1. I'm checking my understanding of the structure. Among residues of segment 75-122 that are surrounded by fewer than 20 Cβ atoms within 10 Å (Cβ to Cβ), modelled with pLDDT of 75 or more and closer than 19 Å to Asp25 by Cβ, which one is farthest from the chain's Cα centre (by Cα)?
2. Would you list the strands (runs of 3 or more DSSP E) that sit entirely within segment 26-119 and hold 1 or more residues that are within 16 Å of Asn16 (Cα to Cα)?
3. Is it true that Ile72 is under 21 Å from Gly124 (Cα atoms), surrounded by 20 or more Cβ atoms within 10 Å (Cβ to Cβ) and of a type outside the set (Phe, Trp, Tyr)?
4. Let me confirm something: among Arg67, Arg48, Arg36, which residue is open to solvent by 10 Å² or more (accessible area, probe 1.4 Å), over 20 Å from Ala126 (Cβ atoms) and under 16 Å from the mean Cα position of the chain (by Cα)?
5. Does segment 8-20 contain any residue that is in contact with a Lys or Arg (Cβ under 9 Å, 6 or more places away or on another chain) and under 17 Å from Met80 (Cβ atoms)?
Amino acid sequence: HHIRYEISDAYPKPRNLLYILEMEDPDNAIIFCNTRDDTELVTAVLNRNGFDAELLNGDLPQKERERVMGRIKRGEVAFMVATDLAARGIDISDLGHVINYSLPEDAAVYLHRVGRTGRIGKTGTAAYYAEVNMGAAAAGAAYNFRDNKTVSRQIDLVADAVSDVLVT
């Protein structure tokens, strides 16, 4: 399932993420960020608000990355906050949710992200949020899967190519 949350800029972006987590109530999730700074911010906010979270980004030494991945795979931590490069090749069985804290610039990266959930015949949920008053450039990276409305020609082309994978 792909879900788009329309949010207002009346609240800070991390608060909107907490709202999505309250609405979705996932057992576990990967939360994708575009920057290392965002992974640090989001992980801190989640932990301060009672969500058990670890970050995975390019600043971590390999040994620390392996420790985080081990904890995630064993179910010792519910939420991983990651950048795209750090999350390459991640395969977590029974991952319930992928949440895009920030949308990627490229539609193929979006599809790679959401492909972390609902693997091998299992179900999963991919969620992202977009500001209600987002500018044209930001809106160009969005696709409303719930209403099947294309906002981006690029994502539309990718979605058409993999339409049998997408469940609305």
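1. Only one residue fits best here, namely Gly75.
2. The strands (runs of 3 or more DSSP E) meeting that bar are 29-32, 79-82, 97-100.
3. So Ile72 passes the test.
4. Matching residue, one of Arg67, Arg48, Arg36: Arg36.
5. no
The values are calculated or read from the model by the stated rules, or taken from the named source; none is laboratory data. Worth saying up front: this structure is predicted, and the values here are computed from it rather than measured. Heads up, the Cβs are rebuilt from the backbone with ideal geometry, glycines too, and the neighbour counts pull from every protein chain shown. Surface areas here come from the heavy atoms of the whole protein model, side chains and all, with no ligands, DNA or RNA. Shrake-Rupley method; radii C 1.70, N 1.55, O 1.52, S 1.80 Å.
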